[in-house]
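Notes to accompany the following structure.
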Amino acid sequence: MKSRSTNNYDILYHCTFFLWSIQLKRCSISLKKGRNETCVFHILKKANVWLDEGEKNMRCLRCQNEDPKYFYCDHGTWYCRKCIAFGRVDVGEVPTKVSLKRKKFACCYKLKYPLTPKQSVAVQQIMHYLEQKQDVLVYAACGAGKTELTMEPIQTYLRAGKKVCFAISRRQVVLEIRDRMQEAFPGLHVIAVCQGYTSITDGDLIICTMHQLYRYHQCFDLLIMDEIDAFPYRDNALLEAIAMDACIGEKLMLTATPDEKILEKVEQKEIAMVELFQRPHGYPLIEPTVYCMPVFFQALWLLKFLKEQKKQGIQTLVFLPTITMAEHWYRIVRCTHRCMVFTSKSKDKEAIIDEFHKKKYDFLLCTTILERGITIKGIYVVIVCADHPVFQEASLIQMIGRVGRNIEMPTGKGVFLCRHKTKDIKRCVRAIHMMNQKA
Ligand SMILES: [Zn+2]
């Protein structure tokens, strides 16, 4: 007959096994149920609960993770699962360093239009901080020409034989920036590293997605990061750690909508800030007009507005908060209007944008997928249900920022249709007004 303590042990043991087997499922480890303490110890070890003193202080040398719950043991070797998507790095293992060619380039960039006086001042300020080995945040209005500000630093670093990388969140923009940089620096071999372009990873100047930075452990003397407030880099501690790991020198960060976290660093003087709120054509940013009304009336208002736009031959971008809404509204209006819907689900995205550029459609119904990067001459913008939680301040600023970018058509109209003014709407209106005041 079993003693009471043995029974208690059994109950405890079964509970422990059950709980840890759930943990094990997470890390895809299967163990046969055994009835000895060695096995329980093994389970605890595998489930990453039983750590030796040394193992409690583990650190991943790529993503700098120190949280024990992200370390797993594979046949006695601990590795980091926080950054496993970028390939396995064992604890204590220095990530593989690619050898990049370094040489001094006697390069000289050329621009289509000379820098405006305000852009030149911003460039001087950036260079001043970089010379002092300080990281810099460029806070520039949408369409203020922030990419042009990076060319002088790129030239200076390349002339000194240093390695430069321009990283940005979205793949499409990587390809665009690659073309722009190649045009500005015709003597250099500018390469893009992103999905579909990973066979060549070294060039005179590297343009890549934030994700691809994992390839470049301790490589760059100047790391330029564009749209740091955009998904997926924003609030992504892993991508941030990967970026920090790739940079051994200075960081030059660009944004039109900085978040509070980075502004705090500016306040604490960890990062220097350079502002540029004037667009090259000198016209102010479009301040949005806000109309409050129920959704049904928003639809009526929009149809009337689009009719007027069509008469005047002006194209419009209509932003909706969700894919379902965009597709629903498209089904209603496509019978009477030349229009198209553009969401993350759309096939042939490039073809749709191309046809819109060619004025095949009077307007495009889209989600926040088009809030950045797109520049269409003379476009107006309407945001329907602007009080929807998906439209945060940064999104609203970016969407309104599509208007009036072209030097030939620097004015336009941006409208928010909402049931009530949210905090984000108020903040967006205030921020744009502030930029115009400072410009
Ligand atoms: Zn890691």
query: Restricting the stretch 306-322 to residues that are among the hydrophobic types (A, V, I, L, M, F, W, C) and under 15 Å from CYS418 (Cβ atoms), which is surrounded by the most Cβ atoms within 10 Å (Cβ to Cβ)?
result: PHE319
query: Here are some conditions: (1) modelled with pLDDT of 95 or more; (2) under 21 Å from PHE391 (Cβ atoms). MET273 meets all but one. Which one does it not meet?
result: (2)
Long-range neighbours under 7 Å by Cβ, at least six apart or interchain, first residue at pLDDT 90 or above within the stretch 224-238, second within 16 Å of the ligand (Cβ to nearest atom) and in a loop (DSSP other than H, G, I, E, B): LEU238/CYS63; LEU238/LYS82; LEU238/CYS83
Condition broken by ILE228, with the remaining ones in (1) within 16 Å of the ligand (Cβ to nearest atom); (2) surrounded by 20 or more Cβ atoms within 10 Å (Cβ to Cβ) satisfied: (1)
task: Could you pull out the residue among ILE352, ILE323 that is assigned by TED's automatic domain parsing to the domain that holds GLY412, at pLDDT below 95 and not small (Gly, Ala, Ser)?
output: ILE352
message: When the residues of the stretch 102-131 are narrowed to those that are free of Cβ contacts under 8 Å to residues at least 24 places away in the same chain and polar (S, T, N, Q), which ends up farthest from GLY404 (Cα to Cα)?
response: GLN124
message: I'd like to check something: does the stretch 195-210 contain any residue that is part of a strand (DSSP E or B), in the same structural domain as GLU227 (by TED's automatic domain parsing) and out of contact with any Leu (no Cβ under 9 Å at 6 or more places or on another chain)?
response: yes
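Has the stretch 89-96 got at least one residue that is modelled with pLDDT of 60 or more and closer than 30 Å to VAL274 by Cβ?
no
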message: So THR375 ticks every box in (1) touching a Leu at 6+ places or on another chain (Cβ under 8 Å); (2) modelled with pLDDT under 95; (3) among the β-branched types (Val, Ile, Thr) but one. Which box is left unticked?
response: (1)
message: If I filter the stretch 69-110 down to residues being at positive phi and among the small types (Gly, Ala, Ser), which single residue comes out as farthest from the ligand (Cβ to nearest atom)?
response: GLY76
query: Would you call GLN195 more than 25 Å from PRO117 (Cα to Cα), modelled with pLDDT under 95 and touching a helix residue (DSSP H, G or I) at 6+ places or on another chain (Cβ under 9 Å)?
result: yes
Of residues in the stretch 188-206 being among the small types (Gly, Ala, Ser) and exposed (fewer than 13 other Cβ atoms within 10 Å of the Cβ), the one farthest from the chain's Cα centre (by Cα): SER199
- prompt: Taking the stretch 211-253, which residues are farther than 21 Å from GLU176 by Cβ, in a strand (DSSP E or B) and of a type in the set (A, V, I, L, M)?
  reply: ILE248
message: Restricting to the stretch 55-68, count the residues that are within 11 Å of the ligand (Cβ to nearest atom) and over 30 Å from LEU205 (Cβ atoms).
response: 5
- line: With the first residue restricted to the stretch 59-70 and required to be of a type in the set (Ser, Thr, Tyr), and the second required to be more than 6 Å from the ligand (Cβ to nearest atom), Cβ contacts under 7 Å at 6 or more apart or on different chains are TYR70/ARG81
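The values are calculated or read from the model by the stated rules, or taken from the named source; none is laboratory data. Note that the structure is a prediction, hence the values are computed from the model and not measured. So basically every Cβ, Gly included, is an ideal-geometry build from the backbone, and we count neighbours across all protein chains shown.
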